[in-house]
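J.: The following block contains the structure, expressed as structure tokens.
Where a number appears in this text, it was derived from the coordinates with a stated rule and is not lab data. This one's a predicted model, so the numbers in the text were calculated from it and none came from an experiment. Because the Cβ atoms are built from the backbone with ideal geometry, glycine has one as well, and the counts that use them run over all protein chains shown.
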Amino acid sequence: MKPRPPAMRTKRRYILVRVLPYGLTADQKEVYLSVIEAATSLLGDAAVGLAQPAVVFCDGGYAVVRCRRGTEKDIATALATVTAIGEERAALRTVAVSGTIHALRRRVKPIRPAPGTGETKIGENYFTVYRYPRQKVDLVEKGIKHQKSLFFTEADLEER
């Protein structure tokens, strides 16, 4: 059987989404189930059936979601309502929409902790420092079960 000519094929759009928090390793099937659940609860079964969302790619903190042309805004809205992937708390943030996966792969930037990850001592407590893109810094106290929130001013950061 011959393939359909391009004019008769269903037009598709691809949505590049960033999986948050950084470092979360999400399985493609779990991301798909989360997307379908969020879209169904927001839009309903009929609209999701027409949009035909599918997760095409999931790796390195990014995922590519495919849908039919004209429904990309609805699916992007549904992606913003995702609160968990599998058993892990997570969020999906739309980065870009395109007609080809190739164009989206050029927009993917590797997510890795910025230089400066290590340990520091504040007062009498030791903390592990995690620095991320966009100036985010996490401090996790060593040797305890609960995380302690620390807030710094610019003066505090300049002292270090």
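J.: Quick check on packing: order 32-40, 79-87, 5-13 by the mean number of other C-beta atoms within 10 Å, highest mean leading.
T.: The most tightly packed comes first, giving 32-40, 79-87, 5-13.
J.: Using label points projected 7 Å from each Cα along Cα→Cβ, tell me how many nm separate Tyr126 and Arg69, to one decimal.
T.: For the pair Tyr126/Arg69, the computed spacing is 5.9 nm.
J.: In addition: Work out, step by step, the length gained on full extension between Leu20 and Arg89: first 0.36 nm times the residue separation, then minus their alpha carbon distance; give nm to one decimal. Each step should come with its number before you reach the end.
T.: Details: separation 69, 0.36 × 69 = 24.84 nm, distance 0.88 nm.
So the extension gain works out to 24.0 nm.
J.: Now for a separate question. Among rounded, prolate and oblate, which fits region 6-105 when a ≥ b ≥ c are the square roots of the eigenvalues of its C-alpha gyration tensor, a/c under 1.5 means rounded, and a/b larger than b/c means prolate?
T.: Oblate, since a/c reaches 1.5 and b/c is not below a/b.
J.: Can you give the local net charge around Asp74? Use residues other than it whose beta-carbon is closer than 14 angstrom to its beta-carbon, Lys and Arg +1, Asp and Glu -1. Don't jump to the answer; show the numbers that get you there.
T.: On the way: positive: Arg13, Arg66, Arg68, Arg69, Lys73; negative: Asp45, Glu72.
Here the charged neighbours net out to +3.
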